[in-house]
Amino acid sequence: MNRKNLFGLTLAELEAELAPLPKFRAKQIAAQIYKHGVKTFDDMNDLPKNLRAELKTRYEIKIADLLKRLDSRDGLTTKFLLGLADGAAVEVVLMRHDYGNGVCISSQVGCQMGCKFCASTLKGLERNLTAAEMLGEIFFAEEFLRGEGGKLDSVVVMGTGEPLMNFDALIKMLRLLHEDYCLGMSYRKVTISTCGVVPAIKKLRDEKIPVTLSISLHAPDDRLRSALMPINSAFGLKSLLNAGNDYAQVTGRRVTYEYILLGGVNDTEEHARRLAKILSGQLANVNLIPFNPVDERSFAPPTNAAVKKFFHFLNTHGIGATVRKEMGSDVNAACGQLRAKVLSR
Ligand code: SAH
């Protein structure tokens, strides 16, 4: 018989599912699942034995199966390929920074957005992840870190998929993650990265959960941006920058603009000048990402000199910029590369 998975249910959902059991039982079980990481009812030693036996016949507590693990040579990045109940696979990347440990999770299996430089979108969208599956990615990383004596400090939804195209599940997961009976994670420790789904950015603003918004910009004008990112033909730069500015004003959270540097495509001083111009006056900073080569994509990384120049230009023209430290390129840490490789075998 198929047992129902309790992992990923909210307290209210657990109460409803377990009725007519008294509500305090749902509370105990939520604490066992989310606070103590218990995976079998036998280990829930604050429940009576006969109840444990009964629950066992109807339910399970399951996150995901580890299909593959890769560690970067410097030991700072660990990438997991997780297998889900229906056989789909998602990538989770653990990053040990000097300022804390972060996990980068996927929001969809595959992606439909079609960005020209990205490996995740090569085979299109397979399906959305559920809130439980996204929370499972975070718990997998959290439990792994705990196993090595560490803890999880932050979450970025920047792996495979477009989180704002899986809006309802994303919001459900974020609210659950924030609950005291779950990880109690502060919204400030969570970053959502989007390619620019403008109406969904407005919806996110209205949810009143002050997560950090990261916008993948990658070009300072509509012509180039539309050539690199199909979403720009639906929602152009002007409306995107307005939505970003508005998000920053309403939430008080500085927006990060991601800018991949593609050698010879968008990395000249003229591009930096135009970028500084369109971002001037915004509560924003820029994260420059040297392109991580993808076998199937023909772009080239920028030269070191181009990165330095671009960075310097922004910082001397009123735009706070950082260069993303390259982490784990030896474990295919760029979106979708590990999954693409394993699946194509
Ligand atoms: N769909 C969301 C989140 C997933 S992509 C978004 O677009 O933001 C996460 C980030 O990785 C984006 O900024 C994306 O543009 C970038 N990225 C994708 N492929 C890359 C590559 N080959 N090298 C460097 N960055 C890449």
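Note on segment 106-149: Rg/Rh from Cα positions, Kirkwood definition for Rh, rounded to two decimals, is 1.15.
How large is the dipole of the chain about the Cα centre if only Lys and Arg carry +1 and Asp and Glu carry -1, each at its Cβ, rounded to the nearest 20 debye?
The dipole magnitude comes to about 260 debye.
Roughly what % of DSSP beta bridges within the chain run antiparallel, to the nearest 5? Given both bridge residues lie in the chain, the antiparallel proportion sits at roughly 45 percent. Remark: segment 4-60 carries a charge dipole of roughly 80 debye about the Cα centre, counting +1 on each Lys and Arg Cβ and -1 on each Asp and Glu Cβ. On the chain, 52 percent of the accessible area sits on carbon and sulfur atoms, based on a 1.4 Å probe.
Relative contact order for the chain: 15 percent, from Cα pairs under 8 Å spaced at least 6 residues apart, divided by residue count. Evaluated at q = 0.12, 0.17, 0.19 Å⁻¹, the base-10 log of the normalised Debye intensity for segment 4-60, with identical point scatterers placed on the Cα atoms, takes the values -0.22, -0.45, -0.58.
Within the chain, the proportion of Cα pairs with more than 34 Å between them is 27 percent. Spacing of the modelled spin labels on residue 127 and residue 274, each 7 Å from Cα toward Cβ, amounts to 4.2 nm.
The modelled label-to-label distance for the pair residue 49/residue 180, using points 7 Å beyond Cα in the direction of Cβ, is 3.4 nm. Along the positive direction of the dipole of the chain (beta-carbon charges: Lys, Arg +1; Asp, Glu -1; about the Cα centre), which of 291, 209, 119 reaches farthest? It is 209, whose Cα lies furthest towards the positive end. Each of 275, 264, 157 was placed along the dipole of the chain (beta-carbon charges, centred on the mean Cα), and the one lying farthest toward the positive end is 275.
For a modelled paramagnetic label at residue 35, 7 Å from Cα along Cα-to-Cβ, the residues of segment 57-71 in reach, with backbone nitrogen under 20 Å, are 61-62.
What you get for segment 1-110, charging only the Cβ of Lys and Arg (+1) and of Asp and Glu (-1), is a dipole of about 240 debye around the Cα centre. Stretching the chain fully between residue 3 and residue 85 yields a gain of 28.3 nm (0.36 nm per residue, less the alpha carbon separation). With contacts taken as Cα pairs under 8 Å at a separation of at least 6 residues, segment 1-109 carries a relative contact order of 18 percent.
Ordered by packing density, taken as the mean number of other Cβ atoms within 10 Å over each peptide's residues, highest first, how do 124-133, 213-222 rank?
Those peptides, ordered most packed to least, come out 213-222, 124-133.
Cross-link reach is defined here as a Cα-Cα straight distance under 13 Å, omitting same-chain residues fewer than 8 places apart; for residue 189 the aspartates and glutamates meeting it are 153.
The values are calculated or read from the model by the stated rules, or taken from the named source; none is laboratory data. The structure displayed is predicted, hence computed values, not measured ones. Note that each Cβ is placed from the backbone with ideal geometry, even for glycine, and that neighbours are counted across all protein chains shown. Just so you know, the surface numbers come from the protein's heavy atoms only, side chains and all, with ligands and any DNA or RNA stripped out. Shrake-Rupley method; radii C 1.70, N 1.55, O 1.52, S 1.80 Å.
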